[in-house]
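Data block below; observations after.
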Amino acid sequence: MNGAVFARPRWLVTLLLAGFAAALAVLAARAMFGVFMFYDDEGYVLISYRNFAEGGALYRDVFSQYGPFPFVVNWMLHLAGIPLNHASGRAVTLCLWVVVSLGLAALAGKAARSATAGILTLAGTFTCLFVMTSEPSHPGGLIVTLVAAAAIGGWVLLRRGLTGPWSALTGAVTAALLLTKINVGLFAAFAAVAWLTLHLGAGSLRRPAI
């Protein structure tokens, strides 16, 4: 029929996305468990987490250039019975890598209403996060997860006009980032304040912000 638009079946799109995601997950696992850096920052971070989980006082008995939040997260993993060793640390980082890539791909696909946008975002995010194979267990995986959660949750909440819950989510994520790596937290705080200022309905700050 002239002028007809071909629509891909939903099941086919889902199957293609699932297959692509599975292939990337296999590649991620092979990379995560196949790379070991000679300087072994991974080991020093794991020892710091373990010493804290066993009762060491942070910044007195346990050295770290990071904030306390990743130590609390790993202490909770320790309480859940997950050992703080190389295998578990890499497995957790791998899960964060895959979940963040899939989450941002879903966000892009929904926002753009395009499976192509979702697939391209999945590939791009996966490639950018490949650097986490160099330093598993570092807070980098936690940081990208927090930022992704703010982006995905913010899009869902703001679409529904839920500015109050969005503010609570943004505040919680920003606080967690500040308590993980202060410069990243400051960037997140600046972005949140900038968004709020640009979307003021009225007031003296709206004109200079625009």
Once the piece of chain linking Cys95 and Gln65 is laid out straight, how much longer is it, given 0.36 nm per residue of separation minus the C-alpha distance between them? 8.4 nm
Would you kindly state the longest site-free stretch of the chain, with sites defined as trypsin sites (Lys or Arg not before Pro) in a DSSP loop (not H, G, I, E, B) surrounded by at most 13 other Cβ atoms within 10 Å? 1-59
Could you look at segment 11-54 and say what percent of its accessible area is carbon and sulfur, using a 1.4 Å probe and all protein chains? 71
Once both label points are put 7 Å beyond Cα along the C-beta direction, the Ala172-Glu54 separation in nm becomes 3.3
With every protein chain kept in place and a 1.4 Å probe, segment 68-171 has an accessible area per residue in Å² of 49
May I ask you to list the residues of segment 13-43 whose amide nitrogen lies under 20 Å from a point 7 Å from Cα along the Cα→beta-carbon direction of Thr116? 13-21
Compute the distance in nm between two label points, each set 7 Å from the Cα along the Cα-to-Cβ direction, one at Asn85 and one at Val131. 3.0
The chain: projected area of the alpha-carbon convex hull, averaged over directions, in nm²: 16.7
Please report, in debye to the nearest 20, how large the charge dipole of the chain is about its Cα centre when each Lys and Arg carries +1 at its beta carbon and each Asp and Glu carries -1 there. 1000
Residues listed by number, segment 67-103, amide nitrogen under 13 Å from Asp40 label point at 7 Å toward C-beta: 86
Would you work out the Kirkwood radius for segment 10-81? I mean one over the mean of 1/r across all pairs of different Cα atoms, in Å. 15.1
Per residue convex hull volume, Cα atoms of segment 59-106, in Å³: 106
Can you name the helices of the chain, as whole DSSP H runs, whose Cα span along the helix axis is 30 Å or more and whose Kyte-Doolittle mean is not below 0.5? 10-32, 86-112
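The values are calculated or read from the model by the stated rules, or taken from the named source; none is laboratory data. The model shown is predicted, which means the values in this text are computed figures rather than measured ones. We place every Cβ from the backbone using ideal geometry, glycine too, and count neighbours over all the protein chains shown. The protein model used for the area step is the full one, side chains on, heavy atoms only, and it has no ligands, DNA or RNA in it. Shrake-Rupley method; radii C 1.70, N 1.55, O 1.52, S 1.80 Å.
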